[in-house]
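Engineer: Quick one: this structure, given as structure tokens, is what I'll be asking you about.
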Amino acid sequence: MTTVFVSHPKTSLAHYFGTRATAALQALADVRFNPGDTDLSSPELATLARDCDVIISYRQTLGDEALFAALPRLLAFVRCAIDIRNIDVAAASRHGVLVTQASAGFIASVSEWIIGVMIDLSRHISAAAALYHAGRPVAPLMGRELRGATLGVIGYGQISRYLCDVALALGMRIVVHDPYTRTGRQELVQTGLAPLLQQADYVVCLAAATEATENMMNAQTFALMKPGAVFINAARGNLVDEQALIDALDAGTIAGCAVDVGRAPDQMPSPRVAAHPRVIASPHIGGLTPPAVEHQALETVAQVADILQGRVPQGAVNAKQAHRWHLAFGTQQLA
């Protein structure tokens with residue numbers, strides 16, 4: 001029987017894979033799990049999965065050259081998320097291991113997180129609650145409405161499209177910057193990054209993390225923002241120069257910030273950013289809702305089912321190079 005290893009730590013399995021996906025996977029294969037509460041190193045994973053056919057990868061699980069070389073039986077490395085930067089795809093291809101990724105199941109959940117922190121920053125909700133919890137006097141502060149304000153969206157992918165629809169329903173004006181994708185929508189203003197930063201009351205970063213977007217929000221770009229504007233990062237910490245962000249907050253260049261990601265391990269917000277009094281930080285929970293998690297986990301199970309039937313799964317990254325899988329299931333014609 002096919003053996004599948006699920007690398008999620010025990011404490012993360014329920015949150016990031018779930019019981020429905022676990023039961024569905026166990027109906028397909030002999031399933032083994034990470035026995036500990038911590039992320040596995042490459043040597044540890046190689047030992048635990050030494051006779052497994054498929055690995056389902058948690059977000060901190062490395063798929064590197066050493067792992068693929070140490071597991072000659074491994075046919076597929078299945079990522080239970082859209083982000084595959086933990087996988088050396090070139091190394092997997094050299095060893096003939098199929099790599100797959102899940103599609104974005106967190107479009108609504110991340111968009112709702114963004115709307116939530118926009119309201120929070122606008123109405124000083126977290127700041128007031130913290131003072132009340134501490135038993136300190138709270139002065140009522142004037143807030144502002146989202147209606148009529150300008151939302152600047154950096155990157156126009158699936159989350160951005162959904163977010164723009166919600167923001168339009170709230171009566172916001174929207175400007176978008178994406179040099180690679182046209183919105184094709186008259187109700188959205190597409191512009192360069194500098195004009196967006198100069199106009200927006202809320203700047204939301206949803207661009208992909210690439211070499212081109214590394215530190216795209218830096219001292220120069222923060223300086224372009226309106227003094228009363230706020231910055232929100234729901235993409236990746238790599239996009240932000242954190243010292244420049246702290247400096248902009250300290251100087252009053254921007255009024256506030258919300259982050260669900262950062263440069264701490266596992267894309268968590270960095271402690272020095274999270275500790276700033278003008279920052280709302282959450283521990284990478286934008287996509288942590290049952291529908292979002294189940295979407296990706298169940299899609300991962302469907303990918304395993306396809307792999308075991310010799311079908312190229314949706315989300316396959318290197319199907320042509322997966323010669324181990326082709327040989328095992330007689331699918332050479334797909335190579």
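Engineer: Can you spot a residue in region 320-334 that is of a type in the set (A, V, I, L, M, F, W, C), in contact with a His (Cβ under 8 Å, 6 or more places away or on another chain), over 29 Å from G96 (Cα atoms) and open to solvent by 30 Å² or more (accessible area, probe 1.4 Å)?
Structural biologist: For region 320-334, residues of a type in the set (A, V, I, L, M, F, W, C), in contact with a His (Cβ under 8 Å, 6 or more places away or on another chain), over 29 Å from G96 (Cα atoms) and open to solvent by 30 Å² or more (accessible area, probe 1.4 Å): absent.
Engineer: Right, here's the next one. I want to confirm something. Restricting to region 298-307 and keeping residues that are touching a strand residue (DSSP E or B) at 6+ places or on another chain (Cβ under 8 Å) and either outside any helix (DSSP H, G or I) or not polar (S, T, N, Q) (or both), which single residue is farthest from D30 (Cα to Cα)?
Structural biologist: Filtering first and then ranking leaves I307.
Engineer: If you don't mind, there's one more thing I want to ask. Would you confirm whether or not region 222-237 contains a residue that is in a helix (DSSP H, G or I), touching a Gly at 6+ places or on another chain (Cβ under 7 Å) and at negative phi?
Structural biologist: Looking through region 222-237, at least one residue is in a helix (DSSP H, G or I), touching a Gly at 6+ places or on another chain (Cβ under 7 Å) and at negative phi.
Engineer: Which one of the conditions (1) over 23 Å from the mean Cα position of the chain (by Cα); (2) part of a helix (DSSP H, G or I) does P140 fail to meet, given that it meets all the rest?
Structural biologist: Going through the list (1) over 23 Å from the mean Cα position of the chain (by Cα); (2) part of a helix (DSSP H, G or I), P140 breaks only (2).
Engineer: Separate question: Can you confirm whether region 73-80 contains a residue that is open to solvent by 10 Å² or more (accessible area, probe 1.4 Å), farther than 27 Å from F329 by Cα and touching a residue at least 24 places away in the same chain (Cβ under 8 Å)?
Structural biologist: Within region 73-80 (the criterion being open to solvent by 10 Å² or more (accessible area, probe 1.4 Å), farther than 27 Å from F329 by Cα and touching a residue at least 24 places away in the same chain (Cβ under 8 Å)), the answer is no, since none of the residues qualifies.
Engineer: Exactly one of (1) open to solvent by 20 Å² or more (accessible area, probe 1.4 Å); (2) within 27 Å of D250 (Cα to Cα) is unmet by I154. Its number?
Structural biologist: Going through (1) open to solvent by 20 Å² or more (accessible area, probe 1.4 Å); (2) within 27 Å of D250 (Cα to Cα) one by one, I154 breaks only (1).
Engineer: If you check every pair at least six apart or on different chains, which have Cβ atoms under 6 Å apart with a residue in region 140-156 that is in contact (Cβ under 8 Å) with a residue 24 or more places away in the chain first and a residue that is open to solvent by 80 Å² or more (accessible area, probe 1.4 Å) and basic (K, R) second?
Structural biologist: T150/R173
Engineer: Take region 160-173 and flag every residue that is open to solvent by less than 30 Å² (accessible area, probe 1.4 Å) and within 14 Å of M118 (Cα to Cα).
Structural biologist: L163, C164, A167, M172
Engineer: Could you run through region 53-62 and say how many residues are closer than 18 Å to S93 by Cα and surrounded by fewer than 24 Cβ atoms within 10 Å (Cβ to Cβ)?
Structural biologist: 2
Engineer: Filtering region 256-282 down to residues that are hydrophobic (A, V, I, L, M, F, W, C) and surrounded by 19 or more Cβ atoms within 10 Å (Cβ to Cβ), which residue is nearest to the chain's Cα centre (by Cα)?
Structural biologist: Once the filter is applied, the top-ranked residue is V261.
Engineer: State the number of residues belonging to region 177-198 that are of a type outside the set (D, E, K, R) and touching a Phe, Trp or Tyr at 6+ places or on another chain (Cβ under 7 Å).
Structural biologist: Result for region 177-198: 2.
Engineer: So which pairs qualify, if the first residue must be in region 181-210 and open to solvent by less than 60 Å² (accessible area, probe 1.4 Å), the second must be outside any loop (DSSP other than H, G, I, E, B) and modelled with pLDDT under 95, the Cβ gap must be under 8 Å, and the two must be at least 6 apart or on different chains?
Structural biologist: A209/N238
Engineer: Residues of region 271-297 being in a loop (DSSP other than H, G, I, E, B) and hydrophobic (A, V, I, L, M, F, W, C), which ones?
Structural biologist: Residues satisfying the conditions are A275, I285, L288.
The values are calculated or read from the model by the stated rules, or taken from the named source; none is laboratory data. Keep in mind that what you see is a predicted model, and the values were worked out from it rather than measured. No Cβ is skipped: glycine too gets one built from the backbone with ideal geometry, and neighbour counts run over all protein chains shown. Note: accessible area is taken over every heavy atom of the protein model, side chains too, but ligands, DNA and RNA are not part of it. Shrake-Rupley method; radii C 1.70, N 1.55, O 1.52, S 1.80 Å.
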